[in-house]
1. Mind putting a number on the dipole of region 37-79 about its Cα centre? Charges go on the C-beta only, +1 for Lys and Arg and -1 for Asp and Glu, and I need it in Debye to the nearest 20.
2. Suppose a student asked you for the relative contact order of region 92-138, using Cα pairs under 8 Å spaced at least 6 residues apart; what percent would you report?
3. Per residue, how much accessible area does the chain show when a 1.4 Å probe rolls over the protein heavy atoms, in square angstrom?
4. Taking the chain as a Gaussian network, where each spring joins two C-alpha atoms under 10 Å apart, which residue of 239, 213, 328 fluctuates the most?
5. So which trypsin sites (Lys or Arg not before Pro) in region 1-109 are both in a DSSP loop and have at most 15 other Cβ atoms within 10 Å of their Cβ?
6. P(r) for region 55-126, please, calculated from all Cα pair distances in 5 Å bins and given in %.
7. Between residue 328 and residue 181, what length comes free when the chain is fully extended (0.36 nm per residue of separation minus the Cα-Cα distance, one decimal in nm)?
8. Give the lysines whose C-alpha is closer than 22 Å to that of residue 293, dropping any in the same chain fewer than 8 places away, or say none.
Amino acid sequence: MEMNIKQVIPPTPGRGIVIAGPCSAETEGQVMQCAKDLAKLNQVDLFRSGIWKPRTRPGSFEGVGTEGLSWLKRVKEETGLKTTTEVAKASHVYDCLKAGIDVLWIGARTTVNPFSVQEVADALNGADVPVLIKNPINPDLGLWIGAVERIYKAGITRIGLIHRGFSYHGETIYRNVPRWQMAIDMKRRFPDLQMVVDNSHICGNRHMLAEVAQEALNLKYDGLMTEVHPRPDEAWSDASQQITPQVFGELLQNLRLRKPTVDEMEMEPLTELRRQIDEIDSDLIGMIGRRMKLSDQIGEFKAERNIAVLQENRWEAILQEASRAGKAHGLSEAFMERYLRAIHQESIDHQDAIVNKVR
Ligand code: PEP
Ligand code: MN
């Protein structure tokens, strides 16, 4: 689709786009305090705050609703900061347009659903407001692309992307795994769209925020969106990943907006491949960990019934199946055997430890 996209936020020379604010607007006081402290940093382009909060399960704080829009209005009047909030339904769009919210964003749980994206797009038709689109929560580039196309077709030309990571079933150090390659592919497909990293939802914690933000800037992202709260520990949503305006100021100060050198550009394909390998290695380790947890359960079962840990038939069957599957992926029989022996040994060690404990 031929597109004529314009910038959501003209970047200030020398620094990337900075979007910050609390996960949720909780009270007028909390919003105003956060905005005033952020304004003092003199580096924030856009004040974010969730008004309607999509929560996985009912019963948790679901946002203050329309009332919060007047707080964002006050933020703009008293601090000069432009504002942005999440819209998921037509009524959200109408309310935001009426309240003069400067930028709207579509959340990860909305991008997954073409019905919802279309509803938002229809409500936007004829409006002149920039829209940021978060990646869908599941790693499906088609849904992200589709959302951009639907919003563009509604006549919106100032569109940007927010990379907030993807859900992952298994153990990982992230709340949502970044899968940098997917975001890079998206940017390659839409080179004119500005893309910021939402390091807060990728990390789910405070200690990795700076590292993830810097990684994004190294990959030439246009900026970041970070959750900032005056009293993070008391936040009504996403407490564990929010930081104070002061800590956020320090984070910004340490970030390096990188202009890659010619040498680095030449190395880029290699860096890219290494990043993918690191991601796969991290997935593999997580999966082996999960496999050992299952071994532990088997160990307990065997211990209760006094069954021997080593079951030759089962081992033979695993070896044969893996050798066949390995071949299909171009892996040699010798490697598959070495790999499986190592896994099997670790598994036996785990089970032995359990059986010996129970005895
Ligand atoms: C948020 O930004 O607070 C939010 C709900 O994000 P996401 O849609 O990425 O989960
Ligand atoms: Mn949040």
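1. Working: 8 positive and 6 negative charges, 37 e Å.
Charge dipole of region 37-79: 180 debye, to the nearest 20.
2. 53 percent
3. The answer is 51 Å² per residue.
4. Greatest mean-square fluctuation among the candidates belongs to 328.
5. Filter output for region 1-109: 15, 55, 89.
6. Answer for region 55-126: a P(r) of 3, 16, 24, 22, 19, 11, 4, 1 percent.
7. Working: separation 147, 0.36 × 147 = 52.92 nm, distance 2.50 nm.
Gain on stretching residue 328 to residue 181: 50.4 nm.
8. 302, 357
The values are calculated or read from the model by the stated rules, or taken from the named source; none is laboratory data. Since we're looking at a predicted model, the values are computed, not measured. All Cβ positions, glycine included, derive from the backbone under ideal geometry; neighbour counts span all protein chains shown. Heavy atoms of the whole protein, side chains included, go into the accessibility calculation; ligands, DNA and RNA do not. Shrake-Rupley method; radii C 1.70, N 1.55, O 1.52, S 1.80 Å.
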